[in-house]
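Trainee: This is the structure, below, for whatever I ask next.
The values are calculated or read from the model by the stated rules, or taken from the named source; none is laboratory data. Not measured: the values here are computed from a predicted model. Cβ atoms come from the backbone with ideal geometry, glycine included; neighbour counts cover every protein chain shown. With ligands, DNA and RNA removed, areas are computed over all heavy atoms of the protein, side chains included. Shrake-Rupley method; radii C 1.70, N 1.55, O 1.52, S 1.80 Å.
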Amino acid sequence: MEDLTTGPLTRHLLKTTSFMLVTMIFQTLYFLIDLYWVGRLGTHAVAAVAIAGNFTFIVLALTQMLGVGTTTAVSHAVGRKNHPEAQLMFNQAQVLAVVTGIVFLIAGMLGRLSYTRAMSADAETAALAARYLLWFIPAMALQFVLVAQAAALRGVGSFKPGMVVSTGSVIINMVLAPFLIFGWVTGHAFGVAGAAISSLVAIIVADIWLVTYFLPKKSYLQFVKADQRPQLATWAKILGVGLPAGFEFAMMGVYLVVVYAIARPFGAAAQAGFGIGQRVIQALFMPAVALGFSVAPVAGQNFGARIRERVVDTFRTAAYMVSALMVLLVILCLVAPHALIGVFSKDPAVLAVGSEYLRIVSWNFVASGLIFVASSMFQAMGNTVPSLVASGTRILLVAVPAILLSRTAAFQLNWIWYLSVGAVFVQLVLSMLLLRREFTRRLAFPSQPKLDDTAVASAMVAVE
């Protein structure tokens with residue numbers, strides 16, 4: 001356990017971000033390498049994996065629900081120096097993760113074929129996507145326990161175990177994937193299914209590995225049978241914070257489904273170009289997302305300890321850091337979008353769609369980075385509803401006009417990208433206004449005077 005309520009905030013953020021960044025680099029490296037190998041199988045295979053990958057947003061929504069709720073509950077308990085409560089929250093989160101994983105596995109398998117047929121541009125793509133999901137759905141189901149355990153560790157300020165386990169499992173995944181996809185050595189090529197099977201094997205190893213961190217008697221968090229009896233009130237406390245965050249990711253999944261459905265008449269190349277563009281952006285956003293993961297426990301422990309100045313300063317410091325980073329990424333996407341997409345496909349049609357997508361959406365990178373930080377601050381203060389409101393507004397501003405415009409004869413796919421840029425800036429403004437309100441309301445602790453408007457305005461200087 002690491003106390004984040006004392007010491008320089010910049011050092012805490014850099015340290016925790018570095019651990020998360022290493023984890024995310026290896027995770028994203030796997031996705032990109034996986035996409036690289038699948039790209040050797042052709043455009044239909046790339047489109048199939050991209051369509052099947054939309055299932056990950058359902059998992060992200062559910063695991064975000066568990067992860068955010070667990071990190072917040074544990075970090076608040078740690079900030080209050082209440083070890084028994086932290087232990088209880090950890091154990092209850094594990095039970096909740098097991099239940100959620102089982103439900104997802106059953107629902108995913110039942111809806112697999114209907115989903116792939118509805119979303120694919122042709123029968124070949126649908127068949128490949130279904131084959132991939134047959135193995136990938138069990139792999140995603142096993143992630144729930146892994147995420148809940150890693151989230152609890154983040155809550156106590158311990159990022160290294162998650163980094164080590166995740167990095168090790170991703171290396172296993174990367175090494176195993178080409179052998180299974182192309183049949184190296186074995187002579188039996190599984191094709192796109194091989195990529196999913198390698199993911200399944202890696203997740204099984206990661207689950208077993210991470211459990212070992214909680215077994216020693218000296219561990220701050222341990223498995224306690226008495227704390228594992230389902231407590232609906234505790235589940236409600238975890239889900240009260242996590243559900244809005246999870247629903248936010250679910251809406252992002254709906255948005256992607258809408259985009260793929262609208263892109264369907266444009267063919268598999270358009271779907272593949274958008275899919276590759278999405279993966280590239282995920283890779284570029286790694287440092288920003290890692291910083292966001294770090295902000296929540298740092299601010300969360302200080303919120304639990306009721307040190308309002310450090311909560312506000314955490315936001316200010318993180319906002320400066322993410323803004324500087326995003327400016328560099330904007331330049332990269334404007335200068336070399338073709339090269340970024342060309343790593344994964346040589347199809348001219350795929351390159352055209354993917355490159356145009358990167359050029360347009362890169363203009364909202366700085367705003368997106370600030371939104372990540374703001375979202376993490378909402379998590380840290382135990383109220384993720386404002387983040388949900390801001391994100392939902394953005395999704396509606398893109399999805400509804402896109403559906404209506406797609407019915408016109410002159411419709412072009414890039415219209416959606418322009419809509420997205422404008423909607424993200426609306427989301428940023430709304431997020432900052434809601435965050436200012438939360439600072440005023442939630443940081444006015446009973447034992448301290450209410451946070452005045454000057455202090456609140458100062459916290460927003462990084463984004464105004």
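Trainee: Among T28, T43, which is the only one that is among the β-branched types (V, I, T) and at pLDDT below 70? Even if it seems obvious, please write down each step before you answer.
Mentor: Details: T43 fails: at pLDDT below 70.
Step by step, each of T28, T43 is checked, and only T28 is among the β-branched types (V, I, T) and at pLDDT below 70.
Trainee: Regarding V201, is this residue under 21 Å from the mean Cα position of the chain (by Cα) and modelled with pLDDT of 90 or more? Explain how you work it out, then say what you get.
Mentor: Working: under 21 Å from the mean Cα position of the chain (by Cα): no; modelled with pLDDT of 90 or more: yes.
Spelling it out, it is not the case that V201 is under 21 Å from the mean Cα position of the chain (by Cα) and modelled with pLDDT of 90 or more.
Trainee: Out of V426, V421, report the one residue that is open to solvent by 30 Å² or more (accessible area, probe 1.4 Å), in contact (Cβ under 8 Å) with a residue 12 or more places away in the chain, assigned to a helix (DSSP H, G or I) and not basic (K, R).
Mentor: On the way: V421 fails: open to solvent by 30 Å² or more (accessible area, probe 1.4 Å).
That would be V426, the only listed residue that is open to solvent by 30 Å² or more (accessible area, probe 1.4 Å), in contact (Cβ under 8 Å) with a residue 12 or more places away in the chain, assigned to a helix (DSSP H, G or I) and not basic (K, R).
Trainee: Here is a check on your reading of the model: is G155 on the phi > 0 side of the Ramachandran plot and of a type in the set (G, A, S)? Show your work before the answer.
Mentor: Working: on the phi > 0 side of the Ramachandran plot: no; of a type in the set (G, A, S): yes.
Against the criterion (on the phi > 0 side of the Ramachandran plot and of a type in the set (G, A, S)), G155 does not qualify.
Trainee: Right, another one. With part of a helix (DSSP H, G or I) and in contact (Cβ under 8 Å) with a residue 60 or more places away in the chain as the only criterion, which of V322, V327, V295 stands out? Quick ask: steps written out before the conclusion?
Mentor: On the way: V322 fails: in contact (Cβ under 8 Å) with a residue 60 or more places away in the chain; V327 fails: in contact (Cβ under 8 Å) with a residue 60 or more places away in the chain.
Result of the check over V322, V327, V295: V295.
Trainee: Can you pull out the helices (runs of 4 or more DSSP H) entirely within region 132-223 that have at least 1 residues that are over 26 Å from F293 (Cβ atoms) and open to solvent by 50 Å² or more (accessible area, probe 1.4 Å)? Give the steps one after another, and end with the answer.
Mentor: On the way: elements: 143-155, 160-182, 192-211.
Here the list reads 160-182.
Trainee: Could you check region 331-354 and list, in sequence order, the residues that are surrounded by 18 or more Cβ atoms within 10 Å (Cβ to Cβ) and part of a helix (DSSP H, G or I)? Quick ask: steps written out before the conclusion?
Mentor: Of all residues in region 331-354, those surrounded by 18 or more Cβ atoms within 10 Å (Cβ to Cβ) come to 333, 337, 340-341, 344-345, 347, 350-351, 353-354.
C333, P337, L340, I341, V350, L351, V353, G354, listed by residue number.
Trainee: Taking the conditions exactly as written (part of a helix (DSSP H, G or I) and either modelled with pLDDT of 90 or more or surrounded by 24 or more Cβ atoms within 10 Å (Cβ to Cβ) (or both)), does V59 satisfy them or not?
Mentor: no
Trainee: Would you confirm whether any residue within region 201-219 is within 27 Å of G53 (Cβ to Cβ) and not aliphatic (A, V, I, L, M)? Outline the logic, then answer.
Mentor: Here is the first cut: in region 201-219, the residues within 27 Å of G53 (Cβ to Cβ) are 201-210.
Among the residues that remain, those that are also not aliphatic (A, V, I, L, M) are: 207, 209.
For region 201-219, residues within 27 Å of G53 (Cβ to Cβ) and not aliphatic (A, V, I, L, M): present.
Trainee: Continuing with this model, one more query. Considering each residue of region 38-58, count those that are more than 12 Å from L133 (Cβ to Cβ) and of a type in the set (A, V, I, L, M), and give that number. It would help to see each step written out before you state the result.
Mentor: Looking only at region 38-58, we keep the residues that are more than 12 Å from L133 (Cβ to Cβ), and these are 38-47, 50, 57.
The next check asks that each one be of a type in the set (A, V, I, L, M); those that pass are 38, 41, 45-47, 50.
Total satisfying the criteria: 6.
Trainee: Right, something else. Got a number for residues in region 110-140 being among the small types (G, A, S) and within 16 Å of the chain's Cα centre (by Cα)? It would help to see each step written out before you state the result.
Mentor: Filtering region 110-140 for residues among the small types (G, A, S) gives 111, 114, 118, 120-121, 123, 126-127, 129-130, 139.
This time we only want the ones that are within 16 Å of the chain's Cα centre (by Cα), so: none.
Here the count works out to 0.
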